[in-house]
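A quick write-up on the structure given underneath.
Every read-out reported here was derived from the displayed coordinates using simple, explicitly stated rules and does not represent laboratory data. Remember, predicted model here, so these are calculated numbers, not experimental data. Neighbour counts run over all protein chains shown; Cβ positions are idealised from the backbone, glycine included.
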Amino acid sequence: MSKAEAKILSKLEAALNKKRLHMVYQPKVSLLDGSLKRVEALVRWDDPELGAIEPSLFVPLAEQHGLIDQLTQWGLKTVLRQWIEWRDDGLDTSIAFNISALSLQQLDFPDLVERMCRALEVPTDRLVLELTEGATQPLIKLIDTLTRFRIMGVGLAIDDFGTGYSSLM
């Protein structure tokens, strides 16, 4: 690991512990009628010294160095709480959150997600877990985990479709 990566990793750990990460929300609308179909939650990190750090840089470091579970759990709690705020304000939509394929390799991950939803009284069918297309390639081994999510009513979506292995052509 380079010195720059080590510095980012150290700062990421501190950012997680000191709650310096935040979400931005991207609406997904119907092209037919312009109605809101879903909102995608995207993790962002603005470090006081380094400035904005791209998820494409810090997420792989989190995966490689054991911080991905902490990052994922923080993200899920954050988006579920946001969903509650929106619902209380009269907006009832689904919320999508990107997860690492490493999370799906844990057989108890669906149970964790279900517990978090129940604890906050968020219906599981209002949550969509997005996986990058590249992350779906080894998912044959993870079909049991994905099936359990579907049984719970948790939606699954392919994020960044067409940027790597597949296209609609």
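Modelled label positions at Arg148 and Ser2, each set 7 Å beyond Cα in the direction of Cβ, lie 3.8 nm from each other.
In the chain, the calculated helix contribution to ellipticity at 222 nm averages -13500 deg cm²/dmol per residue, counting -39,500 (n - 2.57) for every DSSP H run with n ≥ 4. Ranking Ile151, Leu102, Leu91 by how far each Cα lies toward the positive end of the dipole of the chain (charges on Cβ) leaves Leu102 at the top. Each residue of the range 46-60 was assigned a 3J(HN,Hα) from its phi angle through the Karplus curve 6.51 cos²θ - 1.76 cosθ + 1.60 (θ = phi - 60°); the sequence is 10, 8, x, 8, 8, x, 5, 10, 5, x, 5, 9, 7, 5, x Hz, with glycine and proline shown as x. Annotation: lysines with alpha-carbon distance below 20 angstrom to Lys7 (same-chain offsets under eight excluded): Lys18, Lys19.
Annotation note: GluC sites (Glu not before Pro) in the range 1-80 located in DSSP loop regions with a Cβ neighbour count of at most 15 within 10 Å are Glu49. Excluding same-chain neighbours fewer than eight residues apart, the aspartates and glutamates reachable from Lys11 by a Cα-Cα span under 14 Å are Asp46, Asp47, Glu49, Glu54. Comparing Asp46, Asp69, Asp125 in a Gaussian network model of the chain, where Cα atoms under 10 Å apart are tied by springs, the biggest mean-square fluctuation is seen for Asp46.
Taken over the chain, the convex hull of the Cα atoms encloses 146 Å³ per residue.
Listed values for the range 63-78 are Karplus-derived 3J(HN,Hα) couplings in whole Hz (6.51 cos²θ - 1.76 cosθ + 1.60, θ = phi - 60°), namely 5, 6, 10, x, 9, 5, 5, 5, 5, 5, 5, 4, x, 4, 4, 5, and x replaces Gly and Pro.
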